[in-house]
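The values are calculated or read from the model by the stated rules, or taken from the named source; none is laboratory data. From a predicted model like this one, the values you see are computed outputs, not experimental measurements. Cβ placement follows ideal geometry from the backbone for every residue including glycine, while neighbour counts extend to all protein chains displayed. Note: accessible area is taken over every heavy atom of the protein model, side chains too, but ligands, DNA and RNA are not part of it. Shrake-Rupley method; radii C 1.70, N 1.55, O 1.52, S 1.80 Å.
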Amino acid sequence: MIDNTSDRPTQEITLTVNGNEITEEVEPRHKLSDFLRYRADETDVRVGCEHGACGACTVEVDGKNVKSCMLFAVQADGSEVLTSKALNDDDELGPIQEAFHENHALQCGFCTSGFIMATKELLEENPDPDREEIVEGLSDNICRCTGYVNIIKAVEDAADRIDTVSQATGDD
Amino acid sequence: MSQAEESKAERVKEVEDHISNQPTPQNYVGSEVRRKEDEKILKDHREYVQDRNPPDALHAAYVRSPHAHAEITDIDTSAAEEHDECKLVMTVDDYRDAGYAPMLCGIQEWAEWPLADGKVTYVGQCVAMVVATDRYVAEDIADLVEVEYERLDPLVDVMEARDSDNVLYPEMGPNAPSNVAFDETFELGDPDGVFEEADHVIEKEFDWESRASGVPLETPSALGTCNMNPEDGEEKFHVWSNQQLHTWADVAIYAALDQPREEVRVEVPLTAGGSYGTKHATVYRHAVLTAVASEMVGGNPVKYVEDRIEDLQGGDSASTDRHYKAKIAFNDDGEILANDFWLADNFGAFPRFICTNQVLKPLAIVNGPYDVEHARYEYEIVCTNKMPQTSYRGFGTPAHSWVWEMLMDEAADVLDMDPTEIRLKNYIDEEDMPYKTPSANVYGEGDYAKTVRKVWDLVEDEKDGGLLDPDRVEELREEGIYRGSGSALVLEPGLGCYDYHTRQFIPRDELATYYTPENRDFSDVVTMAEPLEAYIRTDGKVVVKISSDDQGQGHQTIASQMLADELGITPDDVVVPQQDNLDVASDVGSASSRMATVMSSAAIGLGEKLRGQLEELAADHWGIDTEQVEFDEGGVKQLSTEGVEPVDKRHAERLEQEFLTLTELVHIDKMMETGDSHFKPQAELKTYAYYEYPDVAYENREYFEEAMIRKRPTYPSISFAANVPIVDVDVETGEIEIQKIYSVRDSGRIINPMIVEGQHHGGIMQGIGAALQEEFGYSEDGQPQSTTFFDMMLPSIENLPELEIEKQETWSVFSKSGAKGVGETGIMDIPASLAHSVNDALKPLDVTVEEMPMTPNRVRSWIRDAGDAPAPADD
Amino acid sequence: MKSEPFVYHSPSSVEEVVSLMNEHDHAELVAGNQSLAIQMNNRLATPDHLIDLNGVDELAYVDERDGEIEIGAMTTHKTIANSDAIDRTVPILAEAAQQIAGPSVRNVGTLGGGIGEADPAGNYPTVLTALDATITITSESGDRDVGVDEFFIAYMMTEVGENEMITGATVPTDPFPIGRTGMSFLELKRVPHTWPKLSAAGIVRVDDPTRDDPTVEEARLTFANASDTPLRVEAAESAVEGTSLTDDALEEAAEIAMDSADPADEMQAEAEYKEEQVGIFTKRALREAYDRALDQ
Ligand SMILES: Cc1cc2nc3c(=O)[nH]c(=O)nc-3n(C[C@H](O)[C@H](O)[C@H](O)COP(=O)(O)OP(=O)(O)OC[C@H]3O[C@@H](n4cnc5c(N)ncnc54)[C@H](O)[C@@H]3O)c2cc1C
Ligand code: FES
Ligand code: FES
């Protein structure tokens, strides 16, 4: 976005996005989703509805998931923001991403980052969810391609993978 | 053996031979190769349309119509233009004055300007485009454009519109002045005679008015750039968009821009964020206008991302909206003799390009899966003040199949026959395959009755202690939960021929005579082959150029699997790059479930060709006969050197190397290995091949000739599914809960079972959505009611029922690879199947489904209307 | 869908909020932003100043006291859904919170926002009406308590005036002794990403759950989306009070409730349908509440 804010109110904000500190002058009306996509180049934050219904824009702000189209960037001033790509390790896919890949839980992939964030929060709160809990945990996200069947499988698989990792590293 | 059987057996053998004779093993085709696309997407290394943000880009927003029908008396852009950051306000006059053309419509003598011209005919119609420094400001400025409207009476109801004097576009179309933009009647066989003679005739009216559509999560978007000073060879316009069918439907863009194709580069991402057929007609308006705006502002790229509310309210995003009057004739013994379907399809304000064919496609399966020889099919394309329709998965057949199944239920009821029994009696016999329909399309293969029996076998256990245990069903009914089930088998036609798409461009009154064997030769039929191109890189990797566009189907993976097996390499050795419309041959693209079917078939042809060329190259290199070499995994091997005397030392050395890898072959081909590399033109390289797989119907001329000459839809790929959904209807609230769906699904040969299953899951869910909840509703004054996801209730994860799917593989007798379409699965069959089960559930209340979607309020109104009649004594 | 410009304020105390409201015209409070953002993005709400309550920590609490439980305006749906105190004393409130959308909406959406929004389909207004809660409204001149029956005055309009804010809600727990009270919250809703077409809150207190056919001592029955404001049907409550929730009593209550409903038409739920469902939900909610009162 061209930064031409003329005489509309602006405000300087600093966010830590996926570990990088970013300071920008923004209009208060700019949504966090737009900030992440246009200012922070975190295009994995996708926008499917801009009214809080589809979950494609889900990111973690200070440890909890929010729909970033429903938060103004100024509201996240000083926060730590994580987007789905931060869940990959170095060059490898992270365990949740790997599980999505292995289980064909993405087709067009447009909903995927949102689902990955939803999965992350779900598994942090409940490392071994049953099917019903998975459904509940992902109920803020819409996928139009997969019919959710493989997404559920992927979450189950991700739970196993994370379990294995934490057992291996002993940080249970 | 009959002639038909013989040729069928021959076809199967041909495909099987291909596999067994192929020198390389089938390591990848048929197995669950993980998708190539995923890693890039998961790491955010893949660019979606909206992700591209050139630093000098400007951003567009529209002024859209708040009214369904109104005269525009004035547009005052002065306040908007005075805004500091306003770069452009464009109205239709600006567009027209600059020399641009209207957008294509689907009907002759019909035209639509991309911005409203003098009046608006639906809510959300684009009236002006505003371009500014960012989207926020663009919306500020759009608010400053003052449009004065004088309201006209809105038309919403299709039946009212068809004979109203209030005509939206009195000067347009063959029926002018009329809201019926186009209409046709097909008499196939002797329907009148049969209806006269039959023991029974039933006639019912049905409404499929939901306009249920794809609604992909990624909205239509475009970034248009005008090159103000193009160098020779540079295009004037570059459009980056999620345009579906970009190597073919690009005509919709360059025609409006009034440019030759070569001046408009249409680039699409390697994966778009879903489409399901819709982004064909929903995107090109924005592609055109962003390109024009770019020219008007002096060359900055102009970006437009449709927001969800714009998309749902006026983004041309809805689909089928029909009223049916349908009849069938049958005998006492349950034999169906003829059908007669009349339908008026509410296309909204404009009959969009190609989308109008959605009323024609059902003709290809006019008789459904049933052996019925006589039919009448009549359609009207009606314009109203709803938003224009786009195309959607199934391309107009889901409603048709639903009507068929509802009539079959009714016939069973009239005869007091079991609904499965009457169906089994009428399914086309496998012996009669290939089967010619009354409309002259041909179904190649499949045992429908056996498939239905198979799905009932799966359900068998439910009857004893399971979901369908009679005691349990009885118990539930006492609690007001009516459980029902039933098996419907529905056809899923794919690979539509290209020729029939232009049918509605012919003067309507000439149609009956125009396309007849007397007036039209088979050579006049226009077909579109599937092009495929490949070359070997100097590192031995194989680059495949595909012309079709991906929105999540897995094109890269499928192409890689195919070529890997053709050449005995791994999918990782295959490179499938993005292609602009100008980089590849034109192709219908991702429509009509084509990709896996025709691309796989093309890959076989391409593989054969490339292997042959490589054998020649190697033979030449070794100075031996081509008989003495053979393609083997990843290269060519020497079989013998009998009768060959090395001419010199170098030749002797060459002969000693008994296997040439792809890398070595490409070096030989380009003369790099001799050091005196003088690169040959691509066309002369033996490591390069271009192949066209002919249109499937065209290739199977002996079957499809009649339909093609008559310019009727031919769909040579007939996948099918037999489902038994077990549904619970809460008769007090009208809510429908699906307990489980059993399904046997046949889409021919499977290239990647994982991907095929993924298509099934997604398609089934979309079918559930269309049957139970999705709806583009309108108020009486033409205001859209579903403008957010709160109202457009796409299925959520909570709506997923238990699924038990069995895949069946009846290989296509028509396509080279044996594959059939799977891209439109689910949505085609699930609505009809669910409604059939609901009929079963509500039978005791004498309620049948005549309207879609089956939302709780509708179900309740049916039950109310039936007077909560207690069950007529059940047996 | 982008909002108009505004100036943003992030106070950290109620006092500060109140003074900011007084200082600025056209100011709007934002809590979880799960409703307001939609209106602002559509330019249906166009405040010049946005006062963010998320930094006001003193408003996020659940305080269980003798005979009542007080919940701060900034308490999130998630906290309410997971609160042991609430689940023990007024479980219907936890249920209502749990049934709002999915986890990420519940992470940030708040009680105060749900009340302030006063959407006729909203979960909290209906449940708090059934619980006969009191809403605390704060301004420069201090706190005032308003009973829910007076709080929701018209379609999406509340008692909260200019320069006032909601600071909390207090629910009396005395009328709902644990062990002989049952509560039920039912929704007619196809997907989590939408609001219910109709919902009902039913509460039943019985005399003695161990007796055969215990008698209903007190009943509460309210509906969301059955009229412009939360609908409490006291005559229907009376119809079942003193009975052992017989079919006849339920039938009578349902008739009364249907008569009291005045729903608006909407797509997939015409007024006629909603009215009919008010009858069905009356029976179901009271029946479930009664069964729960007995089953403890
Ligand atoms: C997908 C989705 C589904 C939903 N489904 C449901 C549902 O089924 N049932 C349901 O009830 N809700 C539903 N909601 C709405 C959700 O509950 C909201 O969180 C709630 O309505 C508003 O709370 P909030 O904290 O987000 O308030 P905000 O959106 O921040 O504010 C809403 C309004 O209240 C005012 N306000 C906020 N706090 C105060 C205060 N302390 N004092 C005075 N005024 C105040 C604001 O000024 C604003 O006008 C849904 C939301 C989404 C996104
Ligand atoms: S884009 Fe934010 S929830 Fe849909
Ligand atoms: S993969 Fe396409 S929307 Fe989920």
Could you pull out the pairs from B:454/B:807; C:2/C:78; B:236/B:279; C:78/C:274 whose alpha carbons sit more than 21 Å apart here?
C:2/C:78; B:236/B:279; C:78/C:274
When the chain is fully extended, how far beyond the present Cα-Cα distance does residue B:476 get from residue B:513, taking 0.36 nm per residue of separation?
7.5 nm
Please return the longest stretch of chain C lacking exposed loop sites, where trypsin sites (Lys or Arg not before Pro) count only if DSSP places them in a loop and at most 15 other Cβ atoms lie within 10 Å.
C:44-210
Give me D for the range B:703-803 in µm² s⁻¹, whole number, from Stokes-Einstein with Rh from the Kirkwood sum over alpha-carbon pairs, 20 °C and 1.002 mPa s.
126 µm²/s
Return the FRET efficiency for the residue pair residue B:523, residue B:333: r is the Cβ-Cβ distance, R0 is 51 Å, and the value is rounded to the nearest 0.05.
0.65
Rounded to one decimal in nm, the spacing of the 7 Å Cα→Cβ label points at residue B:13 and residue B:153 is 6.8 nm
The range A:25-94 versus the range B:702-768: alpha-carbon centroid distance in Å
37 Å
Local electrostatic count at residue B:766 - Lys and Arg +1, Asp and Glu -1, tallied over other residues with Cβ under 14 Å
-2
Taking the Cα centroid of the range B:136-153 and of the range C:203-281, what is the distance between the two, rounded to the nearest whole Å?
47 Å
At q = 0.06, 0.08, 0.11 Å⁻¹, what log₁₀ I(q)/I(0) does a Debye calculation on the Cα points of chain B give, no solvent, two decimals?
-0.43, -0.75, -1.32
With contacts defined as alpha carbon pairs under 8 Å and 6 or more residues apart, what's the relative contact order of chain B in percent?
16 percent
Computed lengthening from residue B:165 to residue B:31, 0.36 nm per intervening residue step minus Cα-Cα distance:
42.3 nm
Just read off the accessible area of residue C:148 with the full protein assembly in place, 1.4 Å probe, to the nearest 10 Å².
10 Å²
In units of 2.2 N^0.38 Å, the Cα radius of gyration of the range C:8-110 is 1.19
Cross-link partners among lysines for residue B:204, C-alpha distance below 26 Å, same-chain residues fewer than 8 apart left out?
B:325, B:327, B:361, B:386, B:425, B:843
Can you give the charge dipole size of the protein assembly as shown about its Cα centre, rounded to the nearest 20 debye, using +1 on the beta carbon of Lys and Arg and -1 on the beta carbon of Asp and Glu?
2900 debye
Based on the alpha-carbon gyration tensor of the range C:181-294, what equivalent-ellipsoid semi-axes (square roots of 5 times the eigenvalues) come out, in whole Å, largest first?
26, 14, 10
If you place +1 on the Cβ of every Lys and Arg and -1 on the Cβ of every Asp and Glu, how big does the dipole about the Cα centre of the range C:7-53 come out, in debye to the nearest 20?
260 debye
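Counting only protein heavy atoms and rolling a 1.4 Å probe, how much accessible area do A and B lose on contact, total for both sides, in Å² to 100?
Its buried surface, counting both partners, is about 4900 Å².
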Top mean-square fluctuation among A:74, A:155, A:59, Gaussian network model of chain A, C-alpha springs under 10 Å?
A:74
Distance between the C-alpha centers of the range B:499-516 and the range C:42-94? Whole Å please.
66 Å
Starting from the Kirkwood Rh over alpha-carbon pairs, what translational D in µm² s⁻¹ does chain C have by Stokes-Einstein at 4 °C and 1.567 mPa s?
66 µm²/s
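Tell me, what are the semi-axes, in whole angstrom and largest first, of the equivalent ellipsoid of the protein assembly as shown as set by the roots of 5 times the Cα gyration tensor eigenvalues?
Semi-axes (√(5λ), whole Å): 52, 39, 32.
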Here the residues of the range B:469-483 lying in the modelled label zone of residue B:804, meaning backbone nitrogen under 14 Å from a point 7 Å along Cα-to-Cβ, are B:469
If you take each beta carbon of peptide B:782-793 and count the beta carbons of other chains within 10 angstrom, what is the mean?
5
Using a probe radius of 1.4 Å on heavy atoms only, what accessible surface per residue do you get for the protein assembly as shown? Whole Å² is fine.
34 Å²
Highest first, please rank the peptides B:680-690, B:178-188 by the mean number of other Cβ atoms sitting within 10 Å of their residues.
B:178-188, B:680-690
Quarter of Cα convex hull surface for the range A:11-83, i.e. mean projection, nm²:
4.0 nm²
At a probe of 1.4 Å, how much accessible area disappears from chains C and B on forming the pair, both sides counted, to the nearest 100 Å²?
2700 Å²
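At a 1.4 Å probe radius, which order do B:601, C:141 fall into by accessible area, largest first?
Heavy-atom accessible area, descending, gives C:141, B:601.
Contour minus end-to-end for residue B:461 and residue B:642, with contour as 0.36 nm per residue of separation and end-to-end as the Cα-Cα distance?
Gain on extension, residue B:461 to residue B:642, equals 58.5 nm.
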iface A-C | buried accessible area, total | probe 1.4 Å | Å², round 100 | 2500 Å²
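What is the average number of partner chain Cβ atoms found within 10 Å of a Cβ in C:126-135?
Values: counts 0, 0, 0, 0, 0, 0, 0, 0, 0, 0.
Partner Cβ neighbours, averaged per residue: 0.
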Whichever lysines have a C-alpha closer than 21 Å to that of residue B:686, once near sequence neighbours (fewer than 8 apart) are set aside:
B:541, B:545, B:609, B:637, B:670
